[in-house]
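Have a look at the structure below, then the notes.
Taken together, the values in this text are just the output of simple stated rules run on the coordinates, not laboratory data. Bear in mind the structure is a predicted one, so any value in this text is a computation, not a measurement. Backbone-built Cβ (ideal geometry, glycine too); neighbour counts: all protein chains shown.
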Amino acid sequence: MTARAILLTGAAGVVGQALLAELTGRPVICLLRRGRLPAAGPEVVTGDISRPSFGLPPEVYESLTRRVGTVIHSAALTEWGRPAEDYEGVNIAGTRHVIDFARVAGASVHYISTAFVAALAGEAPVRLRPDNVTTNYVLSKRASELLLAESGVPHSVYRPTNLIGHSTTGWTSKPQIVQLVADWVGRGRAEVFPAHPGNLIDVVAQDLCAKAVAEAIRRDDVGRQFWLTYGKAAMTVDEAVELLIEHARSTGRRIRIPRIVHPADLDEAELNALPPSSRRFVQVLGDVSEVTAASGGILPSSMSELVEEYGLPEIGDKDAFRRSLLAAAN
Ligand SMILES: NC(=O)c1ccc[n+]([C@@H]2O[C@H](COP(=O)([O-])OP(=O)(O)OC[C@H]3O[C@@H](n4cnc5c(N)ncnc54)[C@H](OP(=O)(O)O)[C@@H]3O)[C@@H](O)[C@H]2O)c1
């Protein structure tokens, strides 16, 4: 008998593409909204998770429910700074529709959440401001986790921190915030770097995330929660900035070393004097720093569990970060 297929939502996204490279041995059906896969191969269904039955014709939906045994739910509105209703429509309603599908199909769900939900824990030492650029996004991801927890559908939750490129090649299908910031620092445009004291900078290679999900599915292991983060082994802010400077120098640039400033101490006049793109970076970095501070400065981590139990490779975050910087520069 052929193994039941894996339905992968968000297959054309950064995580989706990393997942496609790791999912072997089972048929994969990619649910795409309008994005395209870089290469032909996997079966594709065009649908919209924000609509009931993904907006699919009944016969297509019904056929999927018969064929699919596992859903990896990676599709989401990932852009920050949008109004709450935008995330409600795609992220929350989308997860509801995935749950409906899984119920009918008798499938398990592997949900790609975010490590940022740690900022909403009851004991958070710093409150996430409602106007933090990530707040509505993070709320929608936590709401999705709660929907799954209450659904009775067998599921696992994966909470990656900010993604960087592939651990050995540095490649990414779309530059992520970390690479964009690195580019900004590398061009000497960063005069200040906002960070709460004690925060660690936690980034993870996209293939490592994909390997964790693929291995859980291979083992048919559900009912788990994994923090795809480095936790207390993550880089200090000084180490991260040093790496950025070292990288910029290796490309022949002489750049200024940004001052590390508590976001609350950012000087309004100094901010206003920055070019708009730099001002935006400083604001976004300050908001991301607030997320980490609200998570206690150090994110929870399941990395050692994943290495010991799942045999995931031990990939150093600094080495992977260096490779992402190099790939972004080429
Ligand atoms: N990237 C990170 O640093 C990071 C970190 C932590 C957690 N995550 C989580 O990981 C997951 C994947 O993120 P990503 O970085 O791969 O994001 P991404 O590159 O923005 O991809 C998201 C995918 O979702 C699809 N999508 C959006 N709305 C849809 C809809 N209504 N119906 C069907 N598909 C829809 C998009 O399709 P189109 O291309 O057609 O628009 C896109 O392919 C998300 O749940 C995100 O919260 C990401």
Worksheet entry | Whole-Hz couplings from phi, Karplus 6.51/-1.76/1.60, listed for the stretch 264-272; x for Gly and Pro | 5, 9, 5, 7, 4, 5, 5, 4, 5
Worksheet item: Taking other Cβ within 10 Å of each residue's Cβ, how do Lys318, Lys232 sort, fewest first?
Response: Lys232, Lys318
Response to the item:
In nanometres, the difference between 0.36 nm per residue of separation and the alpha-carbon distance of Arg129 and Glu59 is 20.7 nm
Practice prompt. Kindly put Asp183, Asp131 in sequence by how many other C-beta atoms sit within 10 Å of each C-beta, fewest to most.
Written response: Asp131, Asp183
Worksheet, complete the sentence: Computed, not fitted: 222 nm per-residue ellipticity of the chain from DSSP H runs ≥ 4 (each -39500 (n - 2.57)), nearest 500, equal to -12500 deg cm²/dmol
Worksheet entry | Rough spin-label spacing in nm, given labels placed 7 Å along Cα→Cβ, for Arg224 and Leu326 | 3.1 nm
Worksheet item: So for the chain: antiparallel DSSP bridges make up what percent, rounded to the nearest 5?
Response: 5 percent
Practice prompt. Would you pull out the residues with amide H under 5 Å of Ile164's amide H, same chain only if 5 or more places away, H placed 1.01 Å from N?
Written response: Val204, Ala205, Gln206
Response to the item:
If one builds a Gaussian network model of the chain from Cα atoms under 10 Å apart, the most fluctuating residue listed among Thr251, Thr172, Thr161 is Thr251
Worksheet item: Given the C-alpha centroids of the stretch 228-283 and the stretch 213-227, what is the distance between them in whole angstrom?
Response: 35 Å
Response to the item:
Once the mean of 1/r over all distinct C-alpha pairs in the chain is inverted, the Kirkwood radius in Å reads 20.5 Å
Worksheet, complete the sentence: Quick note, the stretch 92-247: a/c under 1.5 would make it rounded; otherwise a/b > b/c is prolate and the rest oblate (a ≥ b ≥ c, C-alpha gyration tensor); here it is prolate
Worksheet item: What whole number of Å gives the distance from the Cα centroid of the stretch 70-139 to the Cα centroid of the stretch 1-32?
Response: 20 Å
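Taking a ≥ b ≥ c as the square roots of the Cα gyration tensor eigenvalues, with a/c under 1.5 meaning rounded and otherwise prolate when a/b beats b/c, else oblate, which class fits the stretch 1-75? Before the final figure, lay out the partial values.
Numbers: a/c = 1.82, a/b = 1.10, b/c = 1.65.
Oblate, because a/c is 1.5 or more while a/b does not exceed b/c.
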Discussion item. Using alpha carbons only, how many angstrom separate the centre of the stretch 297-324 from the centre of the stretch 154-197?
Written reply: 15 Å
Discussion item. I want the local charge near Thr95. Using Cβ-Cβ distances under 14 Å, sum +1 for each Lys or Arg and -1 for each Asp or Glu among the other residues.
Written reply: 0
Worksheet item: Per the Debye formula with a single identical scatterer at each Cα and no solvent contribution, what log10 I(q)/I(0) holds for the stretch 209-330 at q = 0.13, 0.17 Å⁻¹?
Response: -0.73, -1.06
